[in-house]
Amino acid sequence: MRRCGLGLAAVVGFALPAGAGTLDTVKQRGTLQCGVSEGVVGFSEKDEQGNWRGFDVDFCRAVAAAVLGDAGKVAFTPLSASQRFEALKAGKVDLLARNSSWTLGREAELGLAFAGITYHDGQGFLAKRSFKADTALALDKAKVCVEAGTTTQLNLADFFKLNSMTYEEKVYPNAADALAAFEAGQCDVLTRDQAALHGERLRLANPAETIVLPDVISKEPLGPVVRGDDFPWFTVVKWVNFALVNAEELGISSTNIDEALKSQKPDVRRFTGAEGGFGKALGLDADWAIRTVKATGNYAEIYERSLGTGSKLGIPRGLNQLWSMGGVLYAPPLR
């Protein structure tokens, strides 16, 4: 959690080697260029010292640890919803870890590839208590603040049409403007993914005057995104994702690395790189997976630090619990 991000100018200034894949480019550059949100509590935000922190930020650091051997070798580029995919397609970032929902259109039409799901979310509503709504079905004729260029805006229209309700849409170019408008009373309701709403509520001067309604009106599978024309890089990012989940399932954490390295269990030995040789197949060192855990912790450690019950958001794991613990988190094995 050491370094603050660099801007787009620093990204553009790096000349990509002709014909090089993203993995080679990142290795030669010595820095991972990672696109993140402009500030979503718990996912990606700067602390008082100017350092980037959060769930998505830690994923970027895990990739840097796997590829470069150093979780600090990341340059973070904050991107708005309207900027994010074009910046990725243009090569301004190597990886987008920015609470983006996996959809057919984004893969098939934009030529992008989602490297799995890191957080299972759903769209919800933050309402003024004065509006006297305790369910989303009580939002008829509400003024709703929403960020432009998002699936959130599309889901909003679908929900009101499906339930034969009307609303007045208030569209803003970014999340900060939408929140400011909501707080200023320009709308009765703010709609975003549920996890983001819990964070936005904390930013308000009087959070007690608002309530996150219990309704979830969509599926929002959030995950890291890469360009769709570089399969080796897609595979690396995808397996870093899977490694963090497998580490939790195997009981490997940042606090017991030494024990894991001494383990004689076949699945743990494959994870540490003592057996299997899977790092070479990915274009990485043998110990790539254990380096991710040493740098950021396993999935549970990342989640609890930024989003879980011990954080300021206090969001229970829910669907984001391991499949063996009642959730839907499931990763292919390293073998």
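The values are calculated or read from the model by the stated rules, or taken from the named source; none is laboratory data. Being a predicted model, the structure only gives us computed values, none of them experimental. Note that each Cβ is placed from the backbone with ideal geometry, even for glycine, and that neighbours are counted across all protein chains shown. The accessibility values were calculated without ligands, DNA or RNA, using every heavy atom of the protein model including side chains. Shrake-Rupley method; radii C 1.70, N 1.55, O 1.52, S 1.80 Å.
Within the stretch 88-111, being open to solvent by 10 Å² or more (accessible area, probe 1.4 Å) and among the aliphatic types (A, V, I, L, M) holds for Ala90, Leu104, Ala108, Leu110. Of the helices (runs of 4 or more DSSP H) lying entirely inside the stretch 21-116, those containing at least 3 residues that are of a type in the set (S, T, N, Q) span 22-29. Of all residues in the stretch 146-180, which are hydroxyl-bearing (Ser, Thr, Tyr) and more than 20 Å from Leu202 (Cβ to Cβ)? Matches in the stretch 146-180: Thr150, Thr151, Ser164, Thr166, Tyr167.
Yes/no matrix, rows are residues, columns are (1) of a type in the set (A, V, I, L, M, F, W, C); (2) in contact (Cβ under 8 Å) with a residue 24 or more places away in the chain; (3) under 18 Å from Trp233 (Cα atoms):
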position: Gly54; (1), (2), (3): no, yes, no
position: Arg61; (1), (2), (3): no, yes, yes
position: Gly72; (1), (2), (3): no, yes, no
position: Val93; (1), (2), (3): yes, yes, yes
position: Leu96; (1), (2), (3): yes, yes, yes
position: Leu104; (1), (2), (3): yes, no, no
position: Ala113; (1), (2), (3): yes, yes, yes
position: Phe125; (1), (2), (3): yes, yes, no
position: Arg129; (1), (2), (3): no, yes, no
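How about the stretch 163-276: which helices (runs of 4 or more DSSP H) wholly inside it have at least 2 residues that are of a type in the set (Gly, Ala, Ser) and modelled with pLDDT of 95 or more? Working first, answer last.
Numbers: elements: 175-183, 194-203, 231-250, 257-262, 266-272.
The helices (runs of 4 or more DSSP H) meeting that bar are 175-183, 231-250.
Selection of first residues in the stretch 31-46 that are on the phi < 0 side of the Ramachandran plot and open to solvent by 20 Å² or more (accessible area, probe 1.4 Å) and of second residues that are assigned to a strand (DSSP E or B) and of a type in the set (Phe, Trp, Tyr), restricted to Cβ pairs under 7 Å at least 6 apart or on distinct chains, gives the following pairs, ordered by first then second residue: Lys46/Trp52. Close Cβ contacts (under 6 Å, 6 or more residues apart or on different chains) running from residues in the stretch 295-313 that are modelled with pLDDT of 95 or more to residues that are acidic (Asp, Glu) and part of a helix (DSSP H, G or I) comprise Thr296/Asp58; Asn298/Glu248; Tyr299/Glu248; Ala300/Glu248; Ile302/Asp58. Somewhere in the stretch 279-288, is a residue touching a strand residue (DSSP E or B) at 6+ places or on another chain (Cβ under 9 Å), over 19 Å from Cys34 (Cβ atoms) and either at pLDDT 95 or above or open to solvent by less than 40 Å² (accessible area, probe 1.4 Å) (or both)? No, because not a single residue in the stretch 279-288 is touching a strand residue (DSSP E or B) at 6+ places or on another chain (Cβ under 9 Å), over 19 Å from Cys34 (Cβ atoms) and either at pLDDT 95 or above or open to solvent by less than 40 Å² (accessible area, probe 1.4 Å) (or both). Within 13 Å of Glu249 (Cβ to Cβ), open to solvent by less than 40 Å² (accessible area, probe 1.4 Å) and of a type in the set (Val, Ile, Thr) - does that describe any residue in the stretch 297-319? No - not one qualifying residue is present in the stretch 297-319.
Kindly provide the set of residues from the stretch 160-182 that are open to solvent by less than 30 Å² (accessible area, probe 1.4 Å) and of a type in the set (Phe, Trp, Tyr), ordered by number. Residues satisfying the conditions are Phe160, Phe182.
Flag: Val144 matches the condition of being of a type in the set (Val, Ile, Thr), open to solvent by less than 60 Å² (accessible area, probe 1.4 Å), outside any loop (DSSP other than H, G, I, E, B) and modelled with pLDDT of 95 or more.
Against the test of being out of contact with any Pro (no Cβ under 7 Å at 6 or more places or on another chain) and in contact (Cβ under 8 Å) with a residue 40 or more places away in the chain, the options Arg317, Arg227, Arg269 yield a single qualifying residue, Arg227. State yes or no: is Pro214 under 22 Å from Phe159 (Cα atoms) and either open to solvent by 40 Å² or more (accessible area, probe 1.4 Å) or in contact (Cβ under 8 Å) with a residue 40 or more places away in the chain (or both)? Yes: the conditions hold for Pro214. Within the stretch 280-332, being part of a loop (DSSP other than H, G, I, E, B), under 15 Å from Trp239 (Cβ atoms) and not polar (S, T, N, Q) holds for Gly283, Leu284, Asp285, Ala286, Asp287, Tyr330, Ala331, Pro332.
To keep it simple, each residue is scored yes or no on (1) at pLDDT 90 or above; (2) charged (D, E, K, R); (3) more than 12 Å from the chain's Cα centre (by Cα).
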| site | (1), (2), (3) |
| --- | --- |
| Cys4 | no, no, yes |
| Ala10 | no, no, yes |
| Pro17 | no, no, yes |
| Leu23 | yes, no, yes |
| Val40 | no, no, no |
| Asn51 | yes, no, yes |
| Asp58 | yes, yes, no |
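Report the residue count in the stretch 217-265 for those that are hydrophobic (A, V, I, L, M, F, W, C) and in contact with a strand residue (DSSP E or B) (Cβ under 8 Å, 6 or more places away or on another chain). Total satisfying the criteria: 8.
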